[in-house]
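Quick notes on the structure that follows.
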Amino acid sequence: MGGGVDPDCPDPATCPSVGGLDLGEVSLGVDGASGGEPAALNQAVADTGFRKPSGRAVLAAVVALASQAGPLLVLDDRGARAFVVSPGVDPAHLVGHWPW
């Protein structure tokens, strides 16, 4: 395509076929671990944070995590917006309601 926009993928950040769904920088909050130390495999992850992610990438990740972990509460940076994702929900249904 010579560097142009793919008509099937107008927003590359949301198209897995072109390397989209970028979660940006991912951080994990681990029970019992301080900020700089590595976590042990048996320590539970208490929270997950993303810096500069694609909103659709976060939705895809949350849907995948909910299928394994159960319902998840997703908050924005300030805690002003909250969204619950339950296991088994169709991501296509959530897209119209997803605030990010």
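With the convex hull drawn over the C-alpha atoms of the chain, the volume per residue is 144 Å³. Compute the acute angle (0 to 90°) between the alpha-carbon long axis of helix 55-69 and the principal axis of greatest extent of the alpha-carbon atoms of the chain; round to the nearest 10°. Tilt relative to the chain: about 40 degrees.
Computed from the C-beta positions of residue 46 and residue 9 and an R0 of 41 Å, the FRET efficiency is 0.70 to the nearest 0.05.
For the chain, the Cβ-based charge dipole about the Cα centre amounts to some 160 debye (Lys, Arg positive; Asp, Glu negative; other atoms uncharged).
Extending 7 Å from Cα along the Cβ direction at residue 78 and again at residue 25 yields two label points whose distance is 2.1 nm. For the range 38-46, backbone phi angles converted through the Karplus equation (6.51, -1.76, 1.60; θ = phi - 60°) give residue-by-residue couplings of x, 8, 7, 4, 8, 8, 7, 7, 8 Hz, Gly and Pro being listed as x.
Each value in this text was obtained by applying a stated rule to the coordinates, not by laboratory testing. Here the structure is a predicted model, which is why all the values come from computation and not from measurement. Here the Cβ is made from the backbone with ideal geometry for all residues, glycine too, and neighbour counts use every protein chain on show.
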